[in-house]
Amino acid sequence: MDCSTTAQCIEIKKAVSGALELSKITGSHAYERYTGPQIRKIFETQQETYEDTERISLVSSFMACLFLGAYACIDTTDGVGMNLMDIKQRAWSKAAVEATTPGLEEKLGKLAPAHAVTGSIASYFVERYKINKNCLVVQ
């Protein structure tokens, strides 16, 4: 198991008043494999890389991004596994996000419901592969 972000997990838990409070907000305490602690580690160890990062996405939204030709939102079913989402509000938790890194919410973008229509297929696919321009991309 990846234990490379144990220190970041401890810091995040402290910043939100402990593991129990983090669990109440996000549904779980900080696990090393979760995205939040991993982002914090990048921020702490590679700050220039973090600052140069325009958007943080999950691999699960890659195909939607590709088909849209733009960034796709992170869906709530994936957002819940990041230690960053308020599970009751289905929105980014201000406390968890701020405990992770400054400016993170802007880099994450908005959350979307699972299976939401994110937009129409990018013109590239219409022109190159003759996909119907009315084709919708679903998360």
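May I ask you to compute the full-extension gain from residue 77 to residue 21, defined as 0.36 nm times their residue separation minus their alpha-carbon distance, rounded to one decimal in nm?
Between residue 77 and residue 21, full extension yields 18.1 nm more.
For residue 133 and residue 2, calculate 0.36 nm times their separation in residues minus their Cα-Cα distance, and state this gained length in nm to one decimal.
Roughly 42.8 nm would be gained on extension.
Ignoring everything except DSSP H segments at least 4 long, calculate the 222 nm mean residue ellipticity for the chain; use -39,500 (n - 2.57) per segment, divide by total residues, nearest 500.
Taken over the chain, the calculation gives -12000 deg cm²/dmol.
Straight-line reach from residue 13: which lysines fall under 24 Å, measuring Cα to Cα and dropping same-chain residues less than 8 apart?
24, 41, 88, 94, 107, 110
Cross-link candidates for residue 14: which aspartates and glutamates have Cα within less than 16 Å, leaving aside residues fewer than 8 places away along the same chain?
32, 98
Coordinate-derived values only; no laboratory data. Note that the structure is a prediction, hence the values are computed from the model and not measured.
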